[in-house]
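Pasting a structure below so you can have a look.
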Amino acid sequence: MSETVKNVAVLGSTGSIGQSTLAVIGAAGGQLRAVGLSAHARTEMLVEQANDVRPAWIVATDPQAARRQDWSRLPAGTELLAGPSALESAAARDDVDVVLAAIVGSAGLRSTWAALEAGKTVALANKETLVMAGPLVMELAARRGAKILPVDSEHSAVFQALQAGHAHEVRRIVLTASGGPFRKYTREQMAHVTVDDALAHPTWNMGPKITVDSATMMNKALEIIEARWLFDIDVDRIDVVIHPQSIVHSFVEYVDGSVMAQLSPPDMKLPIQYALSYPGRTVGISPRINWTECWALHFEPPDLERFPALELGREAARTGGTTGAVLNAANEAAVGGFLRGELPFAEIVPACRGVLQNHNFDPHPTLDELIRADCWAREEIARWVCT
Ligand code: NAD
Ligand code: MG
């Protein structure tokens, strides 16, 4: 490991978080280096990124896209890695100090696992890893002495606010949620939303899957589960409050009644940068709050009737076992169905509930059993979409 420069493997570099990460690295004045990149389908962008940042290696994970791509424009000195386990071996390479896990969905699990097994620090954007396999992932990190630093803005905020006290002094954590584009929609209006409506998030500019998750509020459900395992906190001490401006990224309430929060304009470059500069802080490129303007912050309780995903998240966080993996996979498949025009928006959460109710619960699954539960849930959703 280098003394002065941190070598960052950016897994999922062509996505929204991946691109923001490269911007943070580019502005770090040589303190950070993108040592490796990975992409699935957008291989042309991967080649462009490789020419910009000159990494030691890149991984192309989609074999069809990799075959179609002309790799002759890769810079000399950048190695092209391909094949099913390339991502896992890349995440564990000696030249990697930190893995920025920015692959979307359960596809990010194995490379995060490999990085932790190799004792790497993981800056974790891929919340689905903890939703699927939280207890196993946290146990692996502890056993291998590997750090998991949250990139999800709410969890980064909680992580920062937790530094004001001790774990036994925390009464509860409160995750903020923008409420998404349908915060004020009636059920009747929600029955008619289109893909374009769901992809128009009011405050955050993100990849399509998480944008739809924000619209159903499944994103907050997944974040409850993520927080439960990451901070080892009982689900009954995790609350959610709607905060449409996305300025306060979450709260920690201590036993004496003090509440600590982290505030900043909605921009993922800040939590990414904090995970990469931790335990220090560095000057960065994220926008700042303008304190010379008049402004007010708005908070309201979530409507559990219109956003039933929240209760599903609580149930899964409380039950553990295979439940997180099943909910996560059902949701990924249902969102995929919605984006392809095969499943109405209002069916996403009921479909997830239906699959959860039918599943064969296992309280102590292995990683392979979780992956099998993930495959099973996807097949169930495929049947739901067809009927
Ligand atoms: P995105 O869709 O913009 O990018 C996804 C990345 O993953 C791309 O680089 C893509 O090539 C890669 N990828 C997709 N499928 C893959 C597969 N099967 N195998 C390997 N790589 C694959 O997604 P995003 O919005 O950047 O989100 C990435 C992760 O970060 C998600 O887990 C999301 O929940 C989390 N996150 C995102 C934001 C945000 O603002 N975008 C905020 C918090 C957390
Ligand atoms: Mg978040």
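Which whole-number percent gives the relative contact order of the chain, counting Cα pairs below 8 Å spaced six or more residues apart?
Result for the chain is 15 percent.
Also: Could you sort Ser111, Ser20, Ser72 by accessible area so the largest value comes first, with the probe set to 1.4 Å?
In descending accessible area the options line up as Ser72, Ser20, Ser111.
Also, I was wondering about something else. Tell me, what is the Rg over Rh of the chain, with Rh the Kirkwood radius over Cα pairs?
So for the chain, dividing Rg by the Kirkwood Rh gives 0.95.
Return the long-range amide H neighbours of Gln262 (sequence gap of 5 or more, or a different chain), with a cut-off of under 5 Å between placed amide H atoms.
Long-range HN contacts for Gln262: His249, Ser250.
Under 16 Å between alpha carbons, and skipping anything fewer than 8 positions from Lys120 in its own chain: which aspartates and glutamates qualify?
In chain and number order, the partners are Glu3, Glu88, Asp94, Asp95, Asp97, Glu139.
Let me check something: with ligands and nucleic acids excluded, how do Ser264, Ser258 order by accessible area (1.4 Å probe), largest to smallest?
Ser258, Ser264
Determine the per residue accessible area of the stretch 6-150 with all protein chains present and a 1.4 angstrom probe, expressed in square angstrom.
Averaged over the residues of the stretch 6-150, the accessible area is 39 Å².
Cross-link list Lys127/Lys147; Lys6/Lys209; Lys147/Lys209; Lys209/Lys269: which exceed 22 angstrom alpha carbon to alpha carbon?
From the list (Lys127/Lys147; Lys6/Lys209; Lys147/Lys209; Lys209/Lys269), the Cα-Cα distance tops 22 Å for Lys6/Lys209; Lys147/Lys209.
Give me the percent of the accessible area of the chain that comes from carbon and sulfur atoms, probe 1.4 Å, all protein chains in place.
Using a 1.4 Å probe with all protein chains present, the chain comes out at 52 percent carbon and sulfur.
May I pose another question? How much of Glu380 can a 1.4 Å solvent probe reach, expressed as accessible area in Å² and rounded to 10?
30 Å²
Quick one: net charge around Ala325, please, counting Lys, Arg +1 and Asp, Glu -1 for every other residue with C-beta under 12 Å from its C-beta.
Overall, the nearby charge balance is -4.
Go through the stretch 160-173 residue by residue and turn each phi into a ³J(HN,Hα) via Karplus (6.51, -1.76, 1.60, θ = phi - 60°); whole Hz please, and just put x for glycine and proline.
Taking θ as phi minus 60°, the curve returns 6, 5, 5, 6, 8, x, 9, 4, 6, 9, 7, 8, 7, 10 Hz for the stretch 160-173.
As an exercise, identify the GluC sites (Glu not before Pro) in the stretch 254-314 lying in DSSP coil whose Cβ has no more than 13 other Cβ atoms within 10 Å. Numbers along the way, then the final one.
Details: sites: Glu293, Glu305, Glu311; in loops: Glu293, Glu305.
For GluC sites (Glu not before Pro) across the stretch 254-314 that sit outside H, G, I, E and B with at most 13 neighbouring Cβ atoms in 10 Å, the list reads Glu293, Glu305.
Under 8 Å for C-alpha pairs, at least 6 residues apart: give me the relative contact order for the stretch 321-387, rounded to a whole percent.
53 percent
The values are calculated or read from the model by the stated rules, or taken from the named source; none is laboratory data. Note that the coordinates shown come from a computational prediction; the quantities given were computed from them, not determined experimentally. Every residue, glycine as well, gets a Cβ built from its backbone with ideal geometry; the counts of neighbours run over all protein chains shown. Remember, those area values only see protein heavy atoms, side chains included, never the ligands or the DNA or RNA. Shrake-Rupley method; radii C 1.70, N 1.55, O 1.52, S 1.80 Å.
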